[in-house]
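A.B. asks: After the structure tokens below, expect a handful of questions from me.
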Amino acid sequence: MTISKGYVDSRYLQIAGEFLNQLKQRTYTCIRIETGNKVLDVGCGPGIDTIELSQLVGATGEVYGVDYDKAMVTEAEQRARKAGVSAWVKYKQSDAASLPFETGYFDSCRSERLFQHLPNPAEALDEMARVTKENGWVVVHRDQPAPGCREGGEVLHKSTHQEDIHVVGR
Ligand SMILES: C[S@@+](CC[C@H](N)C(=O)[O-])C[C@H]1O[C@@H](n2cnc3c(N)ncnc32)[C@H](O)[C@@H]1O
């Protein structure tokens with residue numbers, strides 16, 4: 001069991017993820033994934049979603065997971081190897097506020113249950129929009145309304161060609 005600096009352990013995330021499966025599926029739908037897409041998961045934890053995303057983009061696509069906790073990244077890499085998808089699923093240890101990717105690299109970007117922990121969630125949202133191509137999609141799920149976002153609710157999505165953040169609910 002991995003205990004992260006954020007006091008979240010991977011076993012908890014696995015169990016919670018099973019309860020939250022409907023929500024997870026909704027975020028995948030919101031980012032309009034197609035075969036061959038490049039997709040980023042920010043605050044990926046032990047890689048529960050990146051493995052799912054790898055099936056949606058297929059081996060011609062690319063999935064990156066980012067987490068600031070090295071132990072989470074290590075566990076995510078192990079899971080990807082075990083699932084046989086490590087050729088197209090990669091991880092980086094990084095802060096959401098400073099993503100180590102080129103501008104416009106991804107077709108879409110998601111984050112789940114990270115934003116309520118961030119001191120400046122708007123900064124992370126801007127970074128996610130930056131690394132997503134024009135007319136791509138950014139979807140954020142948070143447990144509570146985040147400061148800096150215009151509306152309360154559970155799921156935010158943002159088209160990179162729009163300035164507004166829209167709450168789409170659970
Ligand atoms: C509640 S867990 C959610 C994990 C995963 N998204 C899921 O739904 O299973 C939040 C994750 O965000 C990571 N995290 C917290 N602050 C972060 C930051 N500033 N940048 C990147 N990752 C961060 C934690 O290490 C943890 O793995």
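A.B. asks: If R0 is 22 Å, what FRET efficiency do you get for Trp88 and Phe19 from their C-beta distance, rounded to 0.05?
C.D. replies: Using R0 = 22 Å, I get an efficiency of 0.20.
A.B. asks: Placing unit charges on C-beta atoms (Lys and Arg positive, Asp and Glu negative, everything else neutral), compute the dipole magnitude of the range 1-143 about its Cα centre in debye, rounded to 20.
C.D. replies: Dipole size: approximately 280 debye.
A.B. asks: Sticking with this one: Report the full-extension gain for the segment Asp9 to Asn135: residue separation times 0.36 nm, less the Cα-Cα distance, to one decimal in nm.
C.D. replies: 41.9 nm
A.B. asks: How big is the equivalent ellipsoid of the range 20-123 along its three axes, where each semi-axis is √(5λ) from the Cα gyration tensor, reported in whole Å from largest to smallest?
C.D. replies: Output for the range 20-123: semi-axes of 19, 16, 14 Å.
A.B. asks: Net charge within 12 Å of Arg11 by Cβ-Cβ distance, Lys/Arg positive one each and Asp/Glu negative one each, not counting Arg11 itself?
C.D. replies: -3
A.B. asks: Distance in nm between label sites at Ser98 and Lys70, each 7 Å beyond Cα in the beta-carbon direction?
C.D. replies: So the two model labels end up 1.7 nm from each other.
A.B. asks: A follow-up question, please. Could you calculate the contour length gain from Thr60 to Glu123, that is, 0.36 nm times the residue separation minus the distance between their Cα atoms, to one decimal place in nm?
C.D. replies: That works out to 19.6 nm of additional length.
A.B. asks: Let me ask something else about it. Could you give me the radius of gyration and the Dmax of the range 86-143, taking only the C-alpha atoms into account and expressing both in angstrom?
C.D. replies: For the range 86-143, the Cα radius of gyration and maximum Cα-Cα distance read 11.4, 34 Å.
Each value in this text was obtained by applying a stated rule to the coordinates, not by laboratory testing. Note that the structure is a prediction, hence the values are computed from the model and not measured. Neighbour counts run over all protein chains shown; Cβ positions are idealised from the backbone, glycine included.
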